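Read the structure below first, then the notes.
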Amino acid sequence: MSLAYAHEPENVPRRAHVIVVGNQKGGAGKSTVAMHVIVALMRMGRRTGVLDLDVRQRSLTRYIENRARWIASRGAQLPSPQILELQESAQRSLDVAEAEEDAAFRSALKRLSETCDFIVIDSPGGDSYLARLAHSWADTLITPLNDSFVDFDLLGDIDEHCDDIVRPSIYSEMVWQSRKRKALAERTPIDWVVLRNRTATSKIEAKNKQRVGKALSTLSSRIGFRMAPGLSERVIFRELFPQGLTLLDLDSEGVPVDMRMAHVAARQELRDLFITLKLPGFDGEALKF
């Protein structure tokens, strides 16, 4: 069955806008980005659902579970998303397994679409049928990318002698195929946003950062993605994970973390990202975080 799965949007109410956070490499901060987008949406008053397709790591699921425990133990008034989990099929036949996963994905998407304005899907750091399926349903695709040529390889191959882009990568080709399938099925596009994440701040790395930025700009016009400001490397993101909190929760009553200047700067990065995403229904609406 492979990539030739059915795509029948008429079977799924598309009231919810689907945001997929995906690439095929680990360590780019997908779950951190996804969680902050989720909390931003909830702070804006949008009903938000979550699908975690990283069925082995389950980083986003654990993040949300940590949040639920922290809220329950303190009686805090913080919003939480509706989350559904999916499992990989145990069927030995590839066709049967993919059909089973397709049905489970559609069922989960339908359930969340009935009650949510937005659905955020966290995909695994590798290739899987569920990941490819999710990409083909995306309205907005966010691809976090560490600011280095090691991660740039996710999007395109570079000529080692002159930094010219030789060809798009396997992941870029997969996104292209997903865009074609969605356009044929629904006549709607996928808005692909590449996020330069964990950006370097040292002068030593400044030259490499400039080279990566130039290559991304060239590739952006070639394969059709938008660039968004990313999140700097900050310890606070790792510190908040055990509580299930985000930077956007720090100004909430009962959260025992004092806002410092570094936190304010990081929150501004999140505001800039949210504005750049240009999600539907927010035109003219003031940010509430």
| Restricting the search to the range 233-275, which residues are closer than 13 Å to residue 78 by Cα and not β-branched (Val, Ile, Thr)? | 243, 244, 245, 247, 248, 249, 250, 251, 252, 253, 254
| request: Restricting attention to the range 134-173, report how many residues are hydrophobic (A, V, I, L, M, F, W, C) and at pLDDT 90 or above. | output: 5
| request: Taking the residues in the range 61-97 that are part of a loop (DSSP other than H, G, I, E, B) and aliphatic (A, V, I, L, M) as candidates, determine which candidate is surrounded by the fewest Cβ atoms within 10 Å (Cβ to Cβ). | output: 90
| remark: Selection over the range 98-129 where residues are closer than 18 Å to residue 17 by Cα and either surrounded by 22 or more Cβ atoms within 10 Å (Cβ to Cβ) or not hydroxyl-bearing (Ser, Thr, Tyr) (or both) yields a count of 16
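Could you tell me which of the residues 222, 211, 238 is part of a helix (DSSP H, G or I) and without any contact (Cβ under 8 Å) to a residue 24 or more places away in the chain?
Result: 238 is the single residue among 222, 211, 238 that is part of a helix (DSSP H, G or I) and without any contact (Cβ under 8 Å) to a residue 24 or more places away in the chain.
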| task | Hey, can you tell me all the residues within the range 256-274 that are over 17 Å from residue 38 (Cβ atoms) and either aliphatic (A, V, I, L, M) or without any contact (Cβ under 8 Å) to a residue 40 or more places away in the chain (or both)? | result | 256, 257, 258, 259, 260, 261, 262, 263, 264, 265, 268
| task | Check the range 129-140 and report whether any residue there is assigned to a strand (DSSP E or B) and within 22 Å of residue 281 (Cβ to Cβ). | result | yes
| Considering the range 237-289 alone, what residues qualify as being surrounded by 16 or more Cβ atoms within 10 Å (Cβ to Cβ), modelled with pLDDT of 85 or more and either aliphatic (A, V, I, L, M) or touching a strand residue (DSSP E or B) at 6+ places or on another chain (Cβ under 8 Å) (or both)? | 240, 245, 247, 248, 250, 255, 266, 269, 270, 273, 277, 279
| request: Return yes or no: is residue 78 under 24 Å from residue 241 (Cβ atoms) and touching a strand residue (DSSP E or B) at 6+ places or on another chain (Cβ under 9 Å)? | output: no
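Suppose the filter is farther than 24 Å from residue 31 by Cβ and basic (Lys, Arg); does residue 214 pass it?
yes
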| note | Of (1) more than 18 Å from residue 182 (Cα to Cα); (2) among the aliphatic types (A, V, I, L, M); (3) free of Cβ contacts under 8 Å to residues at least 60 places away in the same chain, residue 103 satisfies every one except (1)
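The values are calculated or read from the model by the stated rules, or taken from the named source; none is laboratory data. Keep in mind that this is a model prediction, so the values were computed, not measured. Virtual Cβ from ideal backbone geometry, glycine too; neighbours counted across all protein chains shown.
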